[in-house]
Amino acid sequence: MDDLNALLEPGMLVMHPERPDWGTGQVQSNIGGRITVNFREEGKVVVDGTRVTLMPVIED
């Protein structure tokens, strides 16, 4: 797993690659590889950054 997750900061928007139905999420915290994200359709989820690489969302 690459370490793109280490670049994620609170306020950034992301998508979960395996759960597109969760919609866009906003990073709440990123501590020790545990990334807390508030997803539009799923609510607050803690993602294990060693197992899942979240995809940054770029808004125009």
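All of the numbers you see were taken from the coordinates with simple rules; none came from a lab. As the structure is a prediction and not an experimental result, all values here were calculated from the model. Using ideal geometry, Cβ is built from the backbone for each residue, glycine included, and neighbour counts are taken over all protein chains shown.
Laid out as a table, the results:
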{"quantity": "For V47, residues with placed amide H under 5 Å, excluding near neighbours", "calculated": "I35, T36, V37"}
{"quantity": "Semi-axes of the equivalent ellipsoid for the chain, Cα gyration tensor, largest first, Å", "calculated": "16, 12, 11"}
{"quantity": "Check: the range 4-53 dipole with +1 on Lys, Arg Cβ and -1 on Asp, Glu Cβ, in debye", "calculated": "100 debye"}
{"quantity": "In Hz, Karplus ³J(HN,Hα) per residue of the range 41-50 (6.51, -1.76, 1.60; θ = phi - 60°; x = Gly, Pro)", "calculated": "9, 10, x, 7, 9, 9, 9, 7, x, 7"}
{"quantity": "Derived scalar couplings ³J(HN,Hα) [the range 21-34; Karplus, 6.51 cos²θ - 1.76 cosθ + 1.60; whole Hz; x for Gly, Pro]", "calculated": "5, 6, x, 6, x, 10, 5, 9, 7, 9, 10, x, x, 9"}
